[in-house]
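J.: One structure, pasted below without further comment.
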Amino acid sequence: MPISSFTPAITEKLSEQLGSIQLHRITPYIVTDINKITKNLDGFAQHLPDVGVYYAIKANRDLPVLRAIDSDVRGFDIASLGELNLLMKIGIDPSRIFFSNPVKIPRHVKAAYKMGVRYYAFDSVNEIAKLAKYAPGSNVYLRLKVSDNGSKFPLSKKFGLDALYAADYCSLAQDAGLNVMGITFHVGSQSENLQAWQTAIELVGKTIDSLEARDIHITMVNLGGGFPADYGEPIPLLKDIAGCIKQAQKDFLPENVELMAEPGRYVVANSSVMVTSVIGREHRSGSDWLYLDVGTFQGLIEPLEMPGWKYPVWSNKRAGGSDKSFVLTGPTCDAYDTIGFDYTLPSDLTVGDKIYIGAVGAYTSVYATRFNGFLPPKTYYIGLETNV
Ligand SMILES: Cc1ncc(COP(=O)(O)O)c(C=O)c1O
């Protein structure tokens with residue numbers, strides 16, 4: 001198990017890196033360490049050197065992040081025209097972009113095709129028709145339904161075609177003038193199940209065989225995302241996941257098939273810390289509540305998706321003395337902005353104290369709203385030449 005990078009020591013590191021600036025920043029704000037992101041990508045390249053990385057920008061689309069990793073990744077996975085426009089803004093060649101959202105807005109497909117994007121996912125007859133009309137002749141890859149057991153954020157109910165129908169759907173796509181060249185899947189985000197990739201790749205292998213019988217030749221397998229990030233809890237090591245993937249590749253896939261992946265959370269989650277302030281403390285409904293200047297609506301939304309989901313949290317006060325359980329809630333007039341119901345923190349926390357929320361680099365700032373007039377937290381970057 002990896003040692004969590006979220007210890008109180010990070011507070012000191014943060015203060016050191018931001019220097020006196022931290023004292024003057026208005027909370028809430030996010031500090032993103034670009035070096036951590038490049039280190040995560042180095043780790044991926046080390047353990048899976050033959051897998052092309054197409055970073056899923058839905059996890060974090062901050063321009064400094066995209067610019068910083070451009071040369072470390074093969075390309076990018078997008079979900080929408082909005083994401084494509086961001087990549088165009090920083091000069092990414094459209095040939096490096098995979099439009100992997102299985103159900104796309106038709107207008108977005110039309111625009112993406114016009115801009116030069118030629119790789120699209122599909123998992124339905126409707127999508128085949130859409131792609132044939134708006135992205136004629138493009139390269140397409142089938143999103144298979146696979147087990148997402150052991151993932152924190154499952155996806156398999158919403159997306160993916162049952163392998164049983166793969167050959168028929170791929171023939172249909174081929175007949176519609178599309179070039180069926182790949183298969184993709186997603187084992188669910190933050191997957192903690194080593195076997196998930198193995199089982200999925202075995203299914204892909206069988207599907208490739210069934211397509212060969214129809215004279216459809218698969219040259220690319222896209223492993224999707226799901227690689228787990230460090231949230232301070234034990235997770236499988238990437239080295240072990242990579243071992244499972246390589247073994248499954250050997251056992252189930254033809255030699256000429258190229259592998260790619262679309263990691264999002266793994267790349268960026270542990271890069272960022274949110275600095276927040278306590279704005280209220282009350283004893284209500286049998287619990288001690290800390291009201292923070294940030295809540296689910298400013299981006300910390302994943303506890304709503306996955307009840308019980310916890311971020312690594314610590315404070316400016318020394319932990320381990322006399323601690324107690326707190327409900328951490330946000331600043332809006334809505335109760336749904338509550339981040340969690342059982343965070344152990346120093347018992348003497350009060351208005352003005354700082355709470356640090358770790359591992360907020362993925363699926364946080366991208367979710368932030370302006371509900372109740374509270375603005376999305378500003379991000380400062382460390383490990384970059386400019387800024388802070
Ligand atoms: C098509 C696709 N690829 C990649 C990802 C990234 O997944 P993760 O952040 O779990 O790595 C997602 C997440 O929803 C996705 O939908």
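The values are calculated or read from the model by the stated rules, or taken from the named source; none is laboratory data. What you see is a predicted model, and the numbers here were worked out from it, not measured in a lab. Cβ placement follows ideal geometry from the backbone for every residue including glycine, while neighbour counts extend to all protein chains displayed. Just the protein is used for accessible areas: all its heavy atoms, side chains included, with ligands, DNA and RNA removed. Shrake-Rupley method; radii C 1.70, N 1.55, O 1.52, S 1.80 Å.
J.: Can you tell which of Ser210, Asn222, Val103 lies farthest toward the positive end of the dipole of the chain, using +1 and -1 charges on the Cβ of basic and acidic side chains (Lys, Arg; Asp, Glu)?
T.: Towards the positive end, the residue furthest out is Val103.
J.: Something else now. Among DSSP bridges having both ends in the chain, what percentage is antiparallel? Round to the nearest 5.
T.: Details: 25 of 59 bridges.
Among the beta bridges of the chain, antiparallel pairing accounts for roughly 40 percent.
J.: Run through segment 145-238 and list the trypsin sites (Lys or Arg not before Pro) located in a DSSP loop whose Cβ has at most 11 other Cβ atoms within 10 Å. Kindly include the intermediate steps, with their values, before the conclusion.
T.: On the way: sites: Lys145, Lys152, Lys157, Lys158, Lys206, Arg214; in loops: Lys145, Lys157, Lys158, Arg214.
Loop-located and lightly packed - Lys157, Lys158.
J.: Once Rh for segment 231-279 is found with the Kirkwood sum over Cα pairs, what is the Stokes-Einstein diffusion coefficient at 10 °C and 1.306 mPa s, in µm²/s? Each step should come with its number before you reach the end.
T.: Values: Rh = 14.2 Å.
Reported coefficient: 112 µm²/s.
J.: Now, a different point. Each label point is 7 Å from the Cα along the Cα-to-Cβ direction; what then is the distance between the points at Lys250 and Ser325, in nm?
T.: Going from the Lys250 label point to the Ser325 one covers 4.7 nm.
J.: Cross-link candidates for Lys246: which aspartates and glutamates have Cα within less than 14 Å, leaving aside residues fewer than 8 places away along the same chain?
T.: Leaving aside aspartates and glutamates fewer than 8 places away in the same chain, those within reach of Lys246 are Asp50, Glu202, Glu255, Glu258.
J.: Over the chain, what is the mean sequence separation of C-alpha contacts under 8 Å (at least six apart), divided by residue count, expressed as relative contact order in percent?
T.: Relative CO of the chain lands at 20 percent.
J.: Apply the Karplus curve 6.51 cos²θ - 1.76 cosθ + 1.60, θ = phi - 60°, to the phi angles in segment 52-66 and return the couplings in whole Hz, x for Gly and Pro.
T.: x, 8, 10, 4, 7, 6, 4, 6, 6, 10, 4, 4, x, 5, 4
J.: Label-point separation (nm) for Asp240 and Asp209, each offset 7 Å from Cα along Cα-to-Cβ?
T.: 2.9 nm
J.: Another one. For Lys354, list the aspartates and glutamates whose Cα falls under 14 Å from its own Cα; do not include residues on the same chain fewer than 8 positions away.
T.: Lys354 reaches Glu12, Asp293.
J.: Right, something else. Which part of segment 133-174 falls in the paramagnetic zone of Thr219, meaning amide N under 15 Å from the point 7 Å along Cα-to-beta-carbon?
T.: Residues 138-141 fall inside that zone.
J.: Sticking with this structure for a sec: Provide the per residue accessible area, probe 1.4 Å, for segment 35-268, rounded to a whole number of square angstrom. Please list the in-between numbers first.
T.: Working: 9620 Å² over 234 residues.
Accessible area per residue: 41 Å².
J.: Of Gly82, Gln249, Gln174, which is farthest towards the positive pole of the chain's charge dipole, taken about the Cα centre with +1 and -1 on the beta-carbons of Lys, Arg and Asp, Glu respectively?
T.: Gly82
J.: Further question: Over segment 18-108, with every protein chain in place, what whole percent of the accessible area is carbon and sulfur at 1.4 Å, could you tell me? Don't jump to the answer; show the numbers that get you there.
T.: Details: 1980 of 3800 Å².
Whole-percent figure for carbon plus sulfur exposure: 52.
J.: Then there's this: Within the accessible area of segment 321-388, what % is carbon and sulfur when the probe is 1.4 Å and the other protein chains stay in place?
T.: Working: 1690 of 3170 Å².
With neighbouring chains kept in place, the figure for segment 321-388 is 53 percent.
J.: Any chance you could give the angle, 0 to 90 degrees and rounded to 10, that helix 166-175 forms with the longest Cα principal axis of the chain?
T.: 70 degrees
J.: Have a look at Ala362, Tyr381, Val267 and report the one farthest towards the positive end of the charge dipole of segment 235-388, computed about the Cα centre with Cβ charges (Lys/Arg +1, Asp/Glu -1).
T.: With unit charges placed on the Cβ atoms, the residue in question is Tyr381.
J.: Related question: Can you divide the C-alpha Rg of segment 35-268 by 2.2 N^0.38 Å and report the result to two decimal places?
T.: On the way: Rg = 16.7 Å, N = 234, 2.2 N^0.38 = 17.5 Å.
Relative to the rule-of-thumb radius for its length, segment 35-268 sits at 0.95.
J.: Further, regarding this structure: Would you mind telling me the share, in percent, of accessible area of segment 245-290 contributed by carbon and sulfur at probe 1.4 angstrom? Kindly include the intermediate steps, with their values, before the conclusion.
T.: Numbers: 810 of 1970 Å².
Here it works out to 41 percent.
J.: So, one more: For segment 231-388, what is the charge dipole size about the Cα centre, in debye to the nearest 20, if Lys and Arg each add +1 at the Cβ and Asp and Glu each add -1 at the Cβ? Show your work: numbers first, answer last.
T.: Values: 13 positive and 18 negative charges, 71 e Å.
The dipole of segment 231-388 has a size of about 340 debye.
J.: Tell me the chymotrypsin sites (Phe, Trp or Tyr not before Pro) within segment 305-336 that lie in a loop according to DSSP and have at most 14 other beta-carbon atoms within 10 Å.
T.: Within segment 305-336, no chymotrypsin sites (Phe, Trp or Tyr not before Pro) qualify (loop, at most 14 other Cβ atoms within 10 Å).
J.: Going by amide H atoms built from the backbone, whose H comes under 5 Å of the H on Thr369, apart from near neighbours?
T.: HN-HN under 5 Å from Thr369: Gln298, Gly299.
J.: With only Lys, Arg, Asp and Glu charged, each at its Cβ (+1 for the first two, -1 for the last two), find how big the charge dipole of the chain is about the Cα centre; round to the nearest 20 debye.
T.: Numbers: 37 positive and 41 negative charges, 188 e Å.
Its charge dipole is roughly 900 debye.
J.: Still on this model: Cα centroid distance between segment 229-253 and segment 151-207, in Å?
T.: Using only Cα atoms, the two centres lie 18 Å from each other.
J.: Going through segment 185-280, which GluC sites (Glu not before Pro) have at most 14 other Cβ atoms within 10 Å and a DSSP loop state? Don't jump to the answer; show the numbers that get you there.
T.: Numbers: sites: Glu192, Glu202, Glu212, Glu255, Glu258; in loops: Glu192, Glu255.
Listed in order of number, the matching sites are Glu255.
J.: To the nearest 500 deg cm²/dmol, what mean residue ellipticity at 222 nm is calculated for the chain from DSSP H runs of n ≥ 4 alone, each contributing -39,500 (n - 2.57), summed and divided by the residues?
T.: On the way: 12 runs with 116 residues, N = 388.
Calculated from helices alone, the mean residue ellipticity at 222 nm is -8500 deg cm²/dmol.
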